[in-house]
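S.K.: This is the structure I want to talk about, given as structure tokens.
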Ligand SMILES: [Zn+2]
Ligand SMILES: [Zn+2]
């Protein structure tokens with residue numbers, strides 16, 4: 001079964017990916033219910049979107065991600081399959097366009113390209129090409145040494161292949177191998193010992209983080225952890241807000257009680273029976289209900305009101 005997806009920009013986008021993956025997973029599930037399919041993808045941002053991954057998993061399709069920045073030599077699709085597709089597409093498009101230029105029926109370039117894709121797909125996606133592409137990229141049968149070799153060559157390093165020169169392995173990058181041989185020969189003639197390619201422009205380190213999310217499962221676990229962290233933060237924030245509210249309520253209550261208490265208090269100066277009615281009195285800063293009336297407070301620091309307060313405050317709270 002072949003499905004074509006089109007976008008106005010010509011590039012795949014998150015919506016199309018979601019649709020493609022869902023439909024593929026559904027087809028897979030209908031064909032092989034209960035059997036897992038492993039889908040290898042590169043690290044395009046929306047390949048790691050959580051919702052499509054979750055939907056696909058439910059139907060038995062597990063995503064795994066190739067190491068970042070390696071898909072040009074690890075992705076089977078980019079190997080023979082796409083190479084053949086591109087060359088065939090071009091040749092069919094030219095043939096069709098020539099044929100249409102002589103025909104009475106006119107076709108738009110969109111129609112020509114679509115027709116060319118349908119024709120080019122057949123040789124490009126031929127089973128033996130797909131199988132070969134997997135083998136050449138060392139993905140299946142899995143070939144760890146071959147992958148490492150490709151990675152080293154990719155960053156401009158050299159691989160000692162003197163023993164198996166001419167083998168199928170070294171046929172993978174014939175031009176690059178040839179160039180390396182020429183360099184090695186020249187260096188050898190000059191009697192130089194070569195341990196490694198050491199020019200700064202060629203020394204590149206490809207780092208793969210230990211916590212690199214390499215599978216759909218890991219993405220989902222990361223997502224779950226993120227959600228938990230977010231939830232926890234929100235709960236903490238809410239807790240703080242509640243504590244703040246409780247504190248404010250407590251303060252309001254204290255103030256209310258203080259004011260209530262004050263209304264039943266009278267001035268503490270002997271013989272003064274003034275009652276507080278909200279006017280500006282002097283109150284003890286500790287117990288806040290030992291008060292001196294406005295009149296006695298205004299007598300100043302040496303007046304009976306303030307002397308009494310100084311005396312009270314010195315002892316208030318200490319007993
Ligand atoms: Zn007091
Ligand atoms: Zn008084």
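Values quoted throughout were computed directly from the atomic coordinates according to the rules given, and no laboratory measurement underlies them. In this text the structure is predicted, and so the values were computed from the model without any measurement. With ideal geometry, Cβ positions are generated from the backbone for all residues, glycine too; neighbour counts draw on all protein chains shown.
S.K.: Using the 10 angstrom Cβ neighbour count as an exposure proxy, how do 242, 66 rank, fewest first? Kindly include the intermediate steps, with their values, before the conclusion.
M.R.: Details: 242 10, 66 18.
Going from sparsest to densest Cβ surroundings: 242, 66.
S.K.: If one computes the Cα centroid of segment 76-103 and of segment 226-267, what distance in Å separates the two points?
M.R.: After rounding, the separation between the Cα centres reads 73 Å.
S.K.: Taking other Cβ within 10 Å of each residue's Cβ, how do 108, 137 sort, fewest first? Intermediate results must be reported in sequence, preceding the final value.
M.R.: Details: 108 9, 137 26.
Exposure proxy ranking, most exposed first: 108, 137.
S.K.: Sticking with this one: Going by how many other Cβ atoms sit within 10 Å of their own, how do 20, 309 line up, fewest first?
M.R.: 20, 309
S.K.: Could I ask something else about it? Quickly rank 43-49, 98-104 as a protection proxy: mean count of other C-beta atoms within 10 Å, highest first.
M.R.: 43-49, 98-104
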